[in-house]
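What follows is a short report on a single structure.
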Amino acid sequence: MLVHERMSKNPYTIQADTPVEEALKRMREVHVRRFPVLDKSGKLVGIIAEKDLLYASPSPATSLSIYEMHYLLSKLTVGEVMIKDVITVTEDMPVEDAARIMTDHKIGSLPVVREGQLVGIITETDLFRLFPRTARRAQKGRPADDVGARGERRAGQDHHGYRAAGRQYQSRWVLSWARTPPTCW
């Protein structure tokens, strides 16, 4: 599976000169945790995450008045807080490689570019949505006595989903342990 099949196309973006307060407000309105940051010409120059914006905000324990906080935050822009060294991927990259890059660099999203232009973003949520799909595909190739797509029991399983032979083995172990309790009691 390739990145272009799972990415979010036409992602929400933000300009580098946007105030931090406005960026945080907009993130909450559109329910996203990160924005690719574009310059005036539309070129990708960075990425900003909600946590970066929150770290830039003053602590509730600050001695500043509410007016001073708002004034200082209105002067702070996304361009000053954003991550400038952005790792990107292309549309034709396998999803597995994108996931590996995200894991290796401990990041939650990768902007997707084509010829230097932003065309999408792939996030950890996009990758997590693959799990149910791959699980259903794997179940189709299983033998008939395995658990079905909805988790119902199949032949040879008890109400806990154990195969009969495995359950008997577990029961024997539990009984032998019960006869010889640990000496620390």
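The values are calculated or read from the model by the stated rules, or taken from the named source; none is laboratory data. In this text, all values refer to a predicted model and were calculated from it rather than measured experimentally. Note that each Cβ is placed from the backbone with ideal geometry, even for glycine, and that neighbours are counted across all protein chains shown.
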**OP:** May I ask you to list the residues in region 15-51 that are among the aliphatic types (A, V, I, L, M), within 21 Å of the chain's Cα centre (by Cα) and over 17 Å from Gly116 (Cα atoms)?
**Re:** Ala23, Leu24, Met27, Val30, Val32, Ile48, Ala49
**OP:** From the list Ala23, Ala56, pick out the single residue that is more than 18 Å from Gly108 (Cα to Cα), surrounded by 15 or more Cβ atoms within 10 Å (Cβ to Cβ), modelled with pLDDT under 90 and not acidic (Asp, Glu).
**Re:** Ala56
Original post:
If we only count helices (runs of 4 or more DSSP H) wholly inside region 73-185, which ones have 3 or more residues that are under 30 Å from Gly42 (Cα atoms), more than 17 Å from the chain's Cα centre (by Cα) and at pLDDT 80 or above?
Top reply: 78-81
